[in-house]
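Let me begin by presenting the structure, written as structure tokens, before commenting on it.
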Amino acid sequence: MIEIKITDHGVVAALDKLAKGMANPSPVLRVLGEEMTKRIKRRFDTSTGPDGVRWKKNAESTLLAYIGARGGIGKRGKVTKKGAAIGAGKKPLIGHSHDLERQNHYDVSGSTLRIGNSMIYGAIQQFGGQAGRGRKATIPARPFLPVTAAGSLYPEDQELVISTVSDYLRSLVK
């Protein structure tokens, strides 16, 4: 067996710093959590999923309910000019309260980063499926979180994780 002892103080200090940084990944996980939640926010601004695909438009029934709740339906049950303007500005996944857009968060605990949405209907919006009374309404998937139905990250988010962790490790040995 050959044993090599490193006596270069700079190299030893850099390796010690790297080992300590790897033992406590919470700083880099917080950076990733912040960046991921910023990306989620941008998805709501652009109505585009993490795969780059625009979200499907709202169903006519969703638009009419949204317009009606904002006083855009006239006395004869027809959409008014005001209602048409309201409907034209309606983006998918953005309702009256904007809660789905606002309730995205992350949590770092030890070596774990959790990114999620606290709204109960977030999963049906993310993955799609049957909803409503009797599960008669089909909700198309409009992914906004960085994870696919199979549990992997989308390619752009994978690149973010790899580059952020690489930058972090490089910063530890400087």
Q) Which of the residues that make up the stretch 141-172 are part of a loop (DSSP other than H, G, I, E, B) and surrounded by 14 or more Cβ atoms within 10 Å (Cβ to Cβ)? A) Ala141, Arg142, Pro143, Phe144, Leu145, Pro146, Thr148, Tyr154
Q: Return yes or no: is Ser47 on the phi > 0 side of the Ramachandran plot and polar (S, T, N, Q)?
A: yes
Q | Some residue of the stretch 73-85 being touching a Lys or Arg at 6+ places or on another chain (Cβ under 8 Å) and among the aliphatic types (A, V, I, L, M) | A | no
(Q) Cβ contacts < 8 Å: first residue hydroxyl-bearing (Ser, Thr, Tyr), restricted to the stretch 107-118; second residue assigned to a strand (DSSP E or B), any location; separation 6+ or different chain. Result? (A) Ser118/His105
Q: Quick one: which residue in Val53, Val28, Val11 is exposed (fewer than 13 other Cβ atoms within 10 Å of the Cβ), modelled with pLDDT of 90 or more and more than 13 Å from the chain's Cα centre (by Cα)?
A: Val53
Q: Specify the residue that is farthest from Ser47 (Cα to Cα); the eligible residues are those in the stretch 61-96 that are open to solvent by 50 Å² or more (accessible area, probe 1.4 Å) and among the small types (Gly, Ala, Ser).
A: Gly77
Q) Which pairs do you get when a residue that is within 13 Å of Leu100 (Cβ to Cβ) and in contact (Cβ under 8 Å) with a residue 24 or more places away in the chain, found in the stretch 44-63, comes within reach of a residue that is open to solvent by 80 Å² or more (accessible area, probe 1.4 Å) and outside any loop (DSSP other than H, G, I, E, B), reach meaning Cβ atoms under 6 angstrom, with the pair 6+ apart or on two chains? A) Ser47/Arg54
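The values are calculated or read from the model by the stated rules, or taken from the named source; none is laboratory data. On a predicted model such as this, the values are computed, not experimentally measured, just so you know. So basically every Cβ, Gly included, is an ideal-geometry build from the backbone, and we count neighbours across all protein chains shown. Heavy atoms of the whole protein, side chains included, go into the accessibility calculation; ligands, DNA and RNA do not. Shrake-Rupley method; radii C 1.70, N 1.55, O 1.52, S 1.80 Å.
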